[in-house]
Amino acid sequence: MKKVLLVVLILLFGAAGYSYYKNFVKPKVVHFHAGFKVYVDGKLQDFSDLKYMHVEPCTTKNAHIDVDEQEMKAHLHDFVGDVAHVHRSNAVWGDLFQNIKFAIDHSKPVLAYINGGKVDDVLHHPIRPYDSLVLIIGKHRDIGSYLKNAVKKDHIVLVEKKSETCGS
C-alpha cells in the first residue's frame, strides 16, 4: 500500500511540475535569421512556395494569439525560401526542416556544412545568427561549387530589413 501511495504522489508531483513548466515557464524569445540551401542529387531545392511559409494572422497589438511553440522555433516568411526566422533560443536545424515538412532521405549520403565547415548530425545542431547551412543529400558534384553559392550574410541582412508578415 505504501508503494502505491508513493507512486501516486510521484505521479502527482510530476504532473504538477509539468503543468507549471508548460503554463508559466516560457522559452526565451529571440529574433534572428540564418541562411540555408539544400541540394538533393545536385538540384537546389526551392522553399519559396506558400506551402513552406509560416503565416501569422494579423491582429491588434493587444490581441492574444495561440502560439505554436514548435513552429516559432524556426520557420520561413514572405516567400523567401533561403532565410530561416528563428524565435526560440533552443532552435536546431531539425526544427526548421520539421516545420517546413521537408523529410531528409537518410538512405542517401547526407553532407552538411555551416559557414563552410563540415558538421555532423546537423539536425541537432543549433541555429545561430547569420549561420549559413549548405545541406547536400545524395549524388553531388564538386562540393566547393555548392559552398561558393551558400547564402551570404548580406542577403540575410537584406531580408531582415524587409517587413515580415503583418509587420512583426
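The values are calculated or read from the model by the stated rules, or taken from the named source; none is laboratory data. For clarity, every value in this text was computed on a predicted model and none was experimentally measured. FYI the Cβ positions are ideal-geometry reconstructions off the backbone, even for glycines, and counts take in every protein chain you see.
Against the list (1) more than 24 Å from N149 (Cβ to Cβ); (2) modelled with pLDDT of 95 or more; (3) not hydrophobic (A, V, I, L, M, F, W, C), the condition N23 fails is (2). The sole residue among L158, L147 that is surrounded by 12 or more Cβ atoms within 10 Å (Cβ to Cβ), more than 15 Å from the chain's Cα centre (by Cα) and over 19 Å from V40 (Cα atoms) is L158. Of all residues in segment 118-130, none satisfies being within 14 Å of H33 (Cα to Cα) and without any contact (Cβ under 8 Å) to a residue 12 or more places away in the chain.
Taking the criterion of being in contact with a His (Cβ under 7 Å, 6 or more places away or on another chain), modelled with pLDDT of 75 or more and not hydrophobic (A, V, I, L, M, F, W, C), would at least one residue in segment 34-41 satisfy it? Looking through segment 34-41, at least one residue is in contact with a His (Cβ under 7 Å, 6 or more places away or on another chain), modelled with pLDDT of 75 or more and not hydrophobic (A, V, I, L, M, F, W, C).
Taking the stated definitions as given, is V110 within 16 Å of A34 (Cβ to Cβ) and not polar (S, T, N, Q)? It is false that V110 is within 16 Å of A34 (Cβ to Cβ) and not polar (S, T, N, Q).
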